[in-house]
Every structure is written in structure tokens, then in C-alpha cells.
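See below for the structure under consideration.
The values are calculated or read from the model by the stated rules, or taken from the named source; none is laboratory data. The shown structure was predicted, so the numbers you read here are calculated from the model rather than taken from an experiment. Every residue, glycine among them, receives a Cβ derived from its backbone with ideal geometry; neighbour counts consider all protein chains shown. For accessibility, only protein heavy atoms count, side chains too; no ligands or nucleic acids. Shrake-Rupley method; radii C 1.70, N 1.55, O 1.52, S 1.80 Å.
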Amino acid sequence: MDDMIADMLESQAGPPHDTDTAVDEFGEPLSLLLGYGDLGAQIAQQGWDSRYPHRRYSEAHTYGVQELEDFPTAATEADFVILTGSTDCHRLGERIGDTLPEETTSIAIPVPVDDTRPHEIDAVDATVPCAQTLVQELATDLLTILTAQIQISPPPQLYQELQTAGLMQGFRGQEKNVDSGVSVHDFAETLVTNTLENPVYTNDRTHTEECVSFLQAGTDLTLRDAEAVRDEITTQVKSRGGLELFTAATTENLENESRLTLLRV
């Protein structure tokens, strides 16, 4: 993992992403943000957030589906589909998930409304309940990971985990990068602690010790910073061991800030 992070930091000036893990030899994967119901259509219209490299990557599309008859043909050919909509349209989300091809990696981001308990969408690979204000950010994080729009390739186990995860709880946090007055350890501890204290949707489910983590930071991210964050995640989440399901990316849009997304299974 240390060598992979080092390669990432050394290649910041190189190609925008490594396509070996999530992309086959025939070109870019086709990815969709598929919003169902009124709220889902509204989110899909907003699209991805500013961190996603639209100009360098054209195979990410957005669609709004009000009824199953609106299901886009592109979804039957997509490699990755991210579904989002309110929990009061749960049945439509399930029907869309059932319509997707088995080989498509699908992740649902249901938005609980009116204190509705978030339900897992059984017809998709993973479900991450999320407050409406954070859906765009979470969807962009997931798309960035799935399409390998990063300087290093995540371990294959990360993709396998997302394809079999079921219901997950998401967390996100942010912190200014290390400056001369803060130690690397303190920076990592503050970022991870802040992340675990801020779920993307609050519920009382009990999760296991496995997690998928994604660190995104400005171009001043250092190898020591990334290693410290990875190690702090292991310390606080008490991972069961094995290969860390950790990946990282840099972007000019974040300047001196680091963002961490954790998905606990």
C-alpha cells in the first residue's frame, strides 16, 4: 500500500487516472446517476459536484426516472449505476434495481424523508442512506472510486466489497491539510475522528469492523499524510486485518483541504 500511495503522489502531473482496475481494454466504462421519483430527478439534474473531472471524462450521464417506463436504454449497457431517490419511492427504486443487468455494479443512495426509516434496496449491490444535502458529494465520491478517476488503483477487494455490501453507513469529514504547527498524527486523528462523528445519515444500526475509505485532498497532500490517515482509520475502526480498503486522490479543487469518506459495512 505504501508503494501505491507513493506512486500516486509521484504521478500527480501524469495521466488523470489509472484505468487498469475498473476499466477494460475497450475504453472508458459507462456510468449513470439515475434519479427516481421527483426528488431523485431533482438530484440527477444537479449532476456531479465540481470535483468530478467532466472535461476529461465524458462517459458519466444523469437521468431522471418518474416511472419504470422512463428507464433509459443506456442503463442496460452501463458498467456502474448509482440510484438515488426518496424513501417514499422505495418500490420504484427496487423495480429499477431489478431491471438492471446482473453484471452492472449498482449502488443506491436513498434519501430518508419525514423520518422514514431507511430501507435497504435489495435489488442493488449496496445501499448507503444519505441526507439530501450530501447526496451529490457522496455520489461523486462513489463515481470517482468506481471509474478509477484517481492516481492509484484501489485494491480489487474494494470493488468486491461494494458489489456484495448490502446496507452500509456512510461518514464524511474534512480538515485543513497539515501546516507547520500541527503534527501529521494530530492531523490524521482529527480528520478520522471528525469523519466518524459525522454520518451522512444518522441511524442506530450496528456495523461490523470492515470499511471502505476514500481520502481526497489538494495537490499538497504528502505520502506521510496519506499513510497517517490510513493508519488512523485502522486504529479507530479496528479493521479485521488483511489488505486495507483504502484509496486516495488529489484534486486542485480542494486546495489545502482534505476530505475523507468512510463506508462501514
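Working out 0.36 nm times the residue gap between Gln174 and Asn198, then minus their Cα-Cα distance, what length gain in nm do you get to one decimal?
Separation in residues times 0.36 nm, less the Cα-Cα distance, equals 7.6 nm.
Order these peptides, 131-143, 62-74, by their mean beta-carbon neighbour count within 10 angstrom, highest first.
By packing density, highest mean first, the sequence is 131-143, 62-74.
What is the gain in length, in nm to one decimal, between Asn256 and Gln163 on full extension, counting 0.36 nm per residue of separation less the C-alpha to C-alpha distance?
Contour length minus Cα-Cα distance gives 30.2 nm.
Share of the stretch 106-165's accessible area from carbon and sulfur, percent, 1.4 Å?
Carbon and sulfur atoms account for 40 percent of the accessible area of the stretch 106-165.
Each label point is 7 Å from the Cα along the Cα-to-Cβ direction; what then is the distance between the points at Thr76 and Thr235, in nm?
Roughly 5.3 nm, to one decimal.
Can you figure out the FRET efficiency of Ala131 with Ser50, using R₀ = 22 Å and their beta-carbon distance, to the nearest 0.05?
Plugging the Cβ-Cβ distance into 1/(1 + (r/R0)^6) gives 0.70.
Describe numerically, in nm with one decimal, the distance between label points set 7 Å from Cα along Cα→Cβ at Leu68 and at Thr222.
5.6
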